[in-house]
Amino acid sequence: MDMKKINFAQRKAKDFNILTRLYQFYALYILFLPLFSLLFYKFKVKRNKQLEKKPYIVAANHISYMDVFVVNHAIARPLAYMAKQELFKTDSWAKRWVTRNVLRLGGFAVNREKVSISTIKSVKEVFKAKYNLCIFPQGGIRKNKTIENINPGFIYFAKTNKIDILPIALSGLETYNWKPFKRQEVNICVGKPISYKLKDEEIISEWCRQIANLTGYENKNS
């Protein structure tokens, strides 16, 4: 396979299958959690047991490179996610390895400055496959414990696909802990779904309110 010819923003429903789910299970429960929860972190998950059995746009604040794994742990459902296009590089063995694993985990590329038609179509394919879609409305990683500069793109995808938004609040990974057996507490809280039928400004306001309340961060969007 010539990876240089692949459109990493373009995925089909058949790409989000049982193999994707098994790879996610392997990466999360065989590799990530046993290592990091034993040595470095204490993951405390507060799930919402009243969630309907339907796909959501899972919208989390973004504080670390581990966020995809902890969000997957919290939602415990099939999950695809948008990854910045900068992750999809093929000019070295190491970068090709990262790209292959992002794809296997259910990721696809997004240009955060200008979303491509391929990305828009891929989102529809995610929901056709009955997967949930993880998006980080703040774009890049934000470690300053504030909720601000929200990219409204997740609202566009919610409305065009008629999918409700599920806030997930992350805190405790603003700094990494590499001291074995001095486990740092990480909190992952699943909020209440936000209807895609609300006005754009109402969705952003409610998402920011929930994330701020669940993390204790300052809400600069209020």
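Nothing in this text is a laboratory measurement; each read-out follows from the coordinates by a stated rule. Here the structure is a predicted model, which means the values were calculated and not measured. Cβ sites come from the backbone with ideal geometry, for glycine too, and all protein chains shown count toward neighbours.
Data overview
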| read-out | value |
| --- | --- |
| Partner aspartates and glutamates for K54 [C-alpha distance under 13 Å; skip if fewer than 8 residues away on the same chain] | D164 |
| Hits among lysines - C-alpha to C-alpha of K199 under 21 Å, sequence gap 8 or more where chains match | K159, K162, K220 |
| Residue-averaged 222 nm ellipticity for the chain, from DSSP H runs of 4+ at -39500 (n - 2.57), nearest 500 | -10000 deg cm²/dmol |
| Segment W178-K44, length gained on full extension (0.36 nm per residue, minus Cα span) | 46.4 nm |
| Viscosity 1.567 mPa s, 4 °C: Kirkwood-radius Stokes-Einstein D of the chain over Cα pairs, µm²/s | 73 |
| Mean Kyte hydropathy of -1.0 or more with a Cα span along the axis of at least 20 Å, helices from DSSP in the chain | 200-215 |
| Separation of alpha-carbon centers, the stretch 159-218 and the stretch 119-152, rounded to whole Å | 11 |
| For the stretch 73-185: rounded, prolate or oblate by the Cα gyration tensor [a/c cutoff 1.5] | oblate |
| GNM result for the chain, Cα springs below 10 Å: residue of W207, W178, W93 fluctuating most strongly | W93 |
| Ranked packing of 76-87, 44-55, most packed first, by mean Cβ within 10 Å | 76-87, 44-55 |
| Shape call, the stretch 1-132: gyration tensor on alpha carbons, a/c limit 1.5 | oblate |
| Relative contact order [Cα under 8 Å, 6+ residues apart], the chain, whole percent | 30 |
